[in-house]
Amino acid sequence: MGDNRLGAIADDLATKGWTWQPDLMPEKLTRALREELIARDAAAALEAAGIGRQDAYQVDRSVRRTRITWFDGSTQAQKEFRAWTEALRIDLNRELMLGLFEMEVCFAVYPPGGFYDRHLDSFAGARNRVVSLVAYLNEDWDEARGGALAVWNEGACEEDAPTARIIPQPGGVVLMLSEAIPHEVEVTQETRYGLAGWWRVNQSGVGRIDPLS
Ligand code: OGA
Ligand code: MN
């Protein structure tokens, strides 16, 4: 990644806690991940139909209507994604001294009507997720399809209007401080493909208090 781009990302994260970077992910990687996600989703839907379940991967429908599947590192596309995020992790650690360590990643499909209510990705103080990365894998997208990502600044009230509404265009990447930045996926009209990853810090020795006896 170029120094300018990296500088902009580091500045945004340091000053406002989030950044939107259109076209950050290489096109070839976006395409490979999209193809994998579509194939996985179709297979899971078939499996779910076979065992009489309505949805492939059910998550709490009151706050979230989406299907997720965790990365298992088994495919070329996932390996390339890992290599790409690893370079980003090293850059971010150097620029911001965040001590990012390992990343967990899941694919997410939002079917028509899908959404994810306003939330934080991590509870304050838990340090289990430090920086969140969302990448969009749609073929193309425009505002009329819905599914925008609304982002609030740290400390904003529920009643406050979002600071930004991001249209999930292919290859675009959002980075956010997981404990600080509230965000929400607005209802989508069409199937919306993406992935979400979270970097953790190395927990060994951090905040660990030995028992007194
Ligand atoms: C998440 C999330 C945002 C998006 O998966 O936690 O907030 O735009 N995703 O898909
Ligand atoms: Mn989130």
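The values are calculated or read from the model by the stated rules, or taken from the named source; none is laboratory data. Source: prediction; values computed, not measured. Using ideal geometry, Cβ is built from the backbone for each residue, glycine included, and neighbour counts are taken over all protein chains shown. Quick note on the areas: whole protein, heavy atoms, side chains included, nothing else; ligands and nucleic acids left out. Shrake-Rupley method; radii C 1.70, N 1.55, O 1.52, S 1.80 Å.
Taken over the alpha carbons of the chain as equal point scatterers, the Debye sum produces base-10 log I(q)/I(0) values at 0.08, 0.09, 0.11 Å⁻¹ of -0.29, -0.36, -0.54. Backbone amide hydrogens, once placed in the peptide plane, bring N138 within less than 5 Å of G171, Y193, excluding anything fewer than 5 places away on its chain.
Under the criterion of Cα pairs below 8 Å and six or more residues apart, the relative contact order for the chain equals 29 percent.
Once every DSSP H run of n ≥ 4 in the chain is given -39500 (n - 2.57) and the sum is divided by its residues, what mean residue ellipticity at 222 nm do you get, rounded to the nearest 500 deg cm²/dmol?
Values: 3 runs with 58 residues, N = 213.
The helix contribution divided over the chain gives -9500 deg cm²/dmol.
Derived scalar couplings between HN and Hα for the stretch 97-103 equal 6, 8, x, 5, 10, 10, 10 Hz in order, rounded to whole Hz, by the Karplus curve 6.51 cos²θ - 1.76 cosθ + 1.60 (θ = phi - 60°), x for Gly and Pro.
At 1.4 Å probe size, with the rest of the protein present, what percent of the exposed accessible area of the chain is carbon and sulfur atoms?
Its accessible area is 52 percent carbon and sulfur atoms.
Site-free segments of the chain were taken between trypsin sites (Lys or Arg not before Pro) in DSSP loops having at most 11 other Cβ atoms within 10 Å, sites themselves excluded; the longest one is 62-207. Between N153 and E190, the contour length at 0.36 nm per residue exceeds the Cα-Cα span by 10.6 nm.
Sequence-ordered 3J(HN,Hα) estimates for the stretch 177-194 from the Karplus curve with 6.51, -1.76 and 1.60 and θ = phi - 60° stand at 6, 5, 8, 10, 9, x, 7, 8, 9, 5, 4, 9, 8, 10, 4, 10, 10, x Hz, glycine and proline given as x.
Reported to the nearest whole Å, the Cα centre-to-centre distance from the stretch 184-198 to the stretch 93-164 is 9.
When the charge dipole of the chain is built from unit charges on Cβ atoms (+1 for Lys and Arg, -1 for Asp and Glu) and taken about the Cα centre, the candidate among P170, V151, Q78 whose Cα reaches farthest toward its positive end is Q78. The magnitude of the dipole of the stretch 3-201, with charges of +1 and -1 set on the Cβ of Lys/Arg and Asp/Glu and taken from the Cα centre, is near 460 debye. 3J(HN,Hα) couplings calculated from phi for the stretch 160-166 with the Karplus curve 6.51 cos²θ - 1.76 cosθ + 1.60 (θ = phi - 60°) are, in sequence order, 4, 5, x, 6, 8, 10, 9 Hz; Gly and Pro show x. Once the Cα atoms are used to define both axes, helix 3-15 deviates from the longest principal axis of the chain by about 80 degrees. In the context of the full set of protein chains, residues of the stretch 3-201 present 48 Å² of accessible surface per residue (probe radius 1.4 Å, heavy atoms only).
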